[in-house]
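What follows is a single structure, written as structure tokens, with notes after it.
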């Protein structure tokens with residue numbers, strides 16, 4: 001390595017500082033063999049049975065707990081029949097944390113935070129969709145941040161007498177709730193422009209339409 005031109009004295013001083021070669025020691029950083037090299041295997045995991053004393057057998061307050069992994073079953077996620085011993089305050093799946101926390105890459109249950117870095121150099125919109133059927137029974141797939149509903153005014157009875165009549169038939173039996181909103185249940189509705197009753201979804205009423213800026217990858 002030369003930084004000082006052809007000055008032999010300066011080059012010798014530089015070589016004395018950099019690099020610090022160990023001429024009598026050789027290390028291997030790669031292998032062409034498919035098998036794991038000897039003495040390079042990961043440390044073995046301590047296996048355990050759930051709800052047993054396998055992790056702290058004969059030792060009190062050892063700081064270990066048996067954690068299982070969630071597996072896909074016919075009725076959804078189920079716990080594996082065997083687990084591994086890990087530190088009490090650690091995790092390796094989100095299922096090991098409470099509903100408000102997620103398991104981080106460091107193996108700790110932390111508050112979920114989503115960071116967005118905008119390299120476009122212009123303002124952009126970001127929207128987060130959740131598949132939480134306990135609080136919202138309707139799938140959010142296809143929802144648009146622009147909320148474009150072409151028949152919004154017509155479905156609320158503001159464009160014609162026929163529209164007003166349909167809206168009154170749908171909402172007349174109900175009163176506004178504590179949130180001052182009128183909640184009409186999902187039901188069949190008889191309209192004057194059809195001889196058969198339909199739900200609002202089947203009649204394609206109040207359907208959100210895609211905006212020019214919506215993309216399918218927003219709902220993956």
**OP:** Please specify each residue of segment 77-99 satisfying the condition of being part of a loop (DSSP other than H, G, I, E, B) and over 20 Å from residue 110 (Cα atoms).
**Re:** 80, 81, 82
Subject >> Residue within segment 16-25 that is outside any loop (DSSP other than H, G, I, E, B), over 32 Å from the mean Cα position of the chain (by Cα) and at pLDDT below 85 present >> reply: yes
**OP:** Could you tell me whether residue 102 is surrounded by 10 or more Cβ atoms within 10 Å (Cβ to Cβ), outside any loop (DSSP other than H, G, I, E, B) and modelled with pLDDT under 75?
**Re:** no
Original post:
Scanning for something out of contact with any helix residue (DSSP H, G or I) (no Cβ under 9 Å at 6 or more places or on another chain), exposed (fewer than 10 other Cβ atoms within 10 Å of the Cβ) and modelled with pLDDT under 80, does segment 91-98 turn up at least one residue?
Top reply: no
**OP:** Given the conditions (1) surrounded by 14 or more Cβ atoms within 10 Å (Cβ to Cβ); (2) closer than 30 Å to residue 128 by Cα, report the number of the one that residue 176 does not fulfil.
**Re:** (1)
**OP:** Could you grab me the full set of residues in segment 55-76 that are under 10 Å from residue 88 (Cα atoms) and assigned to a strand (DSSP E or B)?
**Re:** 64, 65, 66, 67
Original post:
If residue 202 satisfies every condition in (1) closer than 25 Å to residue 143 by Cα; (2) in contact (Cβ under 8 Å) with a residue 12 or more places away in the chain but one, which is the exception?
Top reply: (2)
Original post:
Taking residue 183, is it part of a loop (DSSP other than H, G, I, E, B), touching a strand residue (DSSP E or B) at 6+ places or on another chain (Cβ under 6 Å) and modelled with pLDDT under 85?
Top reply: no
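The values are calculated or read from the model by the stated rules, or taken from the named source; none is laboratory data. Computed from a predicted structure; not experimentally measured. Note: ideal-geometry Cβ built from the backbone for every residue, glycine included; neighbour counts use all protein chains shown.
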